[in-house]
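The values are calculated or read from the model by the stated rules, or taken from the named source; none is laboratory data. Since the model is a prediction, treat every value here as computed from it, not as a measurement. Every residue, glycine as well, gets a Cβ built from its backbone with ideal geometry; the counts of neighbours run over all protein chains shown.
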Amino acid sequence: MNKALSVLICLCIGTATVLTAAGCSSLFLEPYGPLTPMTEIGSHNITFVSHTYNLNTGISTWTYNITSGSGPPPGYALSHWAIAWCDEKAIKDASEEWEYVDGKPPTGITGIKFNRGYEDGESRIVWFKLLGNYPKGPVEVATFGGGVANYGSITGPLCETVPQYELTMATEPEIGGTAIDLTDASPYTEGTEVSIKAEPAKNYQFVIWTAPAGEFTDPEAAETTFTMPGQNITVTANFKAKPVPTTYNLTVSSSKGGSATITINPTTVIGPGETTTIYDIPADTVVDLLANPDDSYQFVGWTGTPIDGVTDAVAAITMRGNYDITANFEESPPLPPITVGWDGYPVNKLAVLLPWISLFTVITFSSIILKRRRA
């Protein structure tokens, strides 16, 4: 195969078609033209092993197994080999010593030349890395050994990058939530399966995914996959506001030691230790509550939204949700002991003792005066 044919094979390709992703970061492309996974050139063997593409780095890796022929005649082992390629700047790395050649002797190949020689019958795995992803197809390859150049065809990268397209995530309405590209590696090639997720905002719910092109695995699932079309695309997560309830339920309980009155049509009274629920109260209805302690008990406060911690026995709530409220009571502290006077009425201890204290004071004072007079 001459140099002109090599360039023709390298450049003449059609539009790339992308297959499904292999693993989380490798992408394989549909081949162009008949593939040649193995070729024998002048008793040397070149076998195509694999082609992978890393979505995160944008690097494709091409791997081959090279087996050198052996004599006779002596010195026929492989000296070097070359594979056709068109863009020196796209070559990022290789497993062994290489150089980019532009039609130089002895092979006349334009592409990547591997200079490390082989022993008779030696086999080695050789790979090279290219920036970008490329479809597979037949490319020219040449071997040189024993002073003789031989040519053949092998599966390799064709000299055209695969188009990539931007994926934009959007929400409708904008305040309804967020749309997330979980794969997070845009731009993508056509056919790439991208993981996406919709997260609704408070008081919103997810409805469906929409896009002008491409396909969803399940458009009604909040977390699904989207297959990229051959164009820049906006994928929209559609949300709607959750329906606002028009009625609510109110549950009121009373602890031991008292009752609670619920003033609504009709008025309801619940006794100590009881619980009642009033259903389907219209939204924004004002409900009056009254805590009624029993004898020897006192009211200590309300618990439950929206009056948690309120200590007034009289309270009012506006129905804007389902509420569960409790009136809490406790035993009253004991009263101080009562002293009964001579007339049978309760008196203060100090009031009882005061006359005796006054009498004692008068007697003592009079005694002191008498003693002074006698002296």
- prompt: When the stretch 188-218 is examined, which residues are found to be among the basic types (Lys, Arg) and touching a Leu at 6+ places or on another chain (Cβ under 7 Å)?
  reply: LYS197
- prompt: If a residue has to be in a strand (DSSP E or B) and either surrounded by 16 or more Cβ atoms within 10 Å (Cβ to Cβ) or in contact with a Leu (Cβ under 6 Å, 6 or more places away or on another chain) (or both) to count, how many in the stretch 296-315 make the cut?
  reply: 8
query: Which is touching a residue at least 12 places away in the same chain (Cβ under 8 Å) and in contact with a helix residue (DSSP H, G or I) (Cβ under 8 Å, 6 or more places away or on another chain), of LYS240, LYS256?
result: LYS240
Unmet criterion (only one of (1) within 30 Å of PRO173 (Cβ to Cβ); (2) at pLDDT below 90; (3) of a type in the set (Gly, Ala, Ser)) for GLY271: (1)
- line: Over the stretch 170-184, the set of residues surrounded by 17 or more Cβ atoms within 10 Å (Cβ to Cβ) and over 20 Å from PHE239 (Cβ atoms) is THR183
query: For the stretch 110-157, which residues satisfy the criterion of being of a type in the set (Ser, Thr, Tyr) and assigned to a strand (DSSP E or B)?
result: THR110, SER123, THR143, TYR151, SER153, THR155
- prompt: So which pairs qualify, if the first residue must be in the stretch 319-347 and at pLDDT 65 or above, the second must be among the acidic types (Asp, Glu) and loosely packed, with under 15 Cβ neighbours inside 10 Å, the Cβ gap must be under 7 Å, and the two must be at least 6 apart or on different chains?
  reply: MET319/ASP284; ARG320/ASP284
message: Can you confirm whether TYR32 is modelled with pLDDT of 85 or more, closer than 25 Å to LYS89 by Cβ and buried (at least 18 other Cβ atoms within 10 Å of the Cβ)?
response: no
task: Kindly indicate whether ALA201 is touching a Gly at 6+ places or on another chain (Cβ under 9 Å) and surrounded by 14 or more Cβ atoms within 10 Å (Cβ to Cβ).
output: yes
statement: Of the residues in the stretch 125-161, those that are buried (at least 22 other Cβ atoms within 10 Å of the Cβ), under 23 Å from ASN232 (Cβ atoms) and not polar (S, T, N, Q) come to TYR134, PRO135
query: So which strands (runs of 3 or more DSSP E) are wholly in the stretch 171-249 and hold at least 3 residues that are over 28 Å from PRO135 (Cα atoms)?
result: 177-181, 193-200, 204-210, 233-241
query: Which is more than 19 Å from the chain's Cα centre (by Cα), more than 22 Å from ARG320 (Cα to Cα), at pLDDT 95 or above and among the hydrophobic types (A, V, I, L, M, F, W, C), of ALA221, ALA213?
result: ALA213
- request: From the list THR36, THR107, pick out the single residue that is assigned to a loop (DSSP other than H, G, I, E, B), within 30 Å of TYR188 (Cα to Cα), in contact (Cβ under 8 Å) with a residue 40 or more places away in the chain and not basic (Lys, Arg).
  value: THR36
- prompt: If LYS92 passes every condition in (1) of a type in the set (D, E, K, R); (2) free of Cβ contacts under 8 Å to residues at least 40 places away in the same chain; (3) closer than 16 Å to VAL141 by Cβ but one, which one does it miss?
  reply: (3)
field: Which listed residue is aromatic (Phe, Trp, Tyr) and at pLDDT below 90, from TYR100, TYR118, TYR134
entry: TYR134
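Condition check ((1) closer than 19 Å to MET319 by Cβ; (2) buried (at least 18 other Cβ atoms within 10 Å of the Cβ)) across all residues:
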| residue | (1), (2) |
| --- | --- |
| THR246 | yes, no |
| SER253 | yes, yes |
| THR263 | yes, no |
| GLU274 | no, no |
| LEU289 | yes, yes |
| ASP294 | no, no |
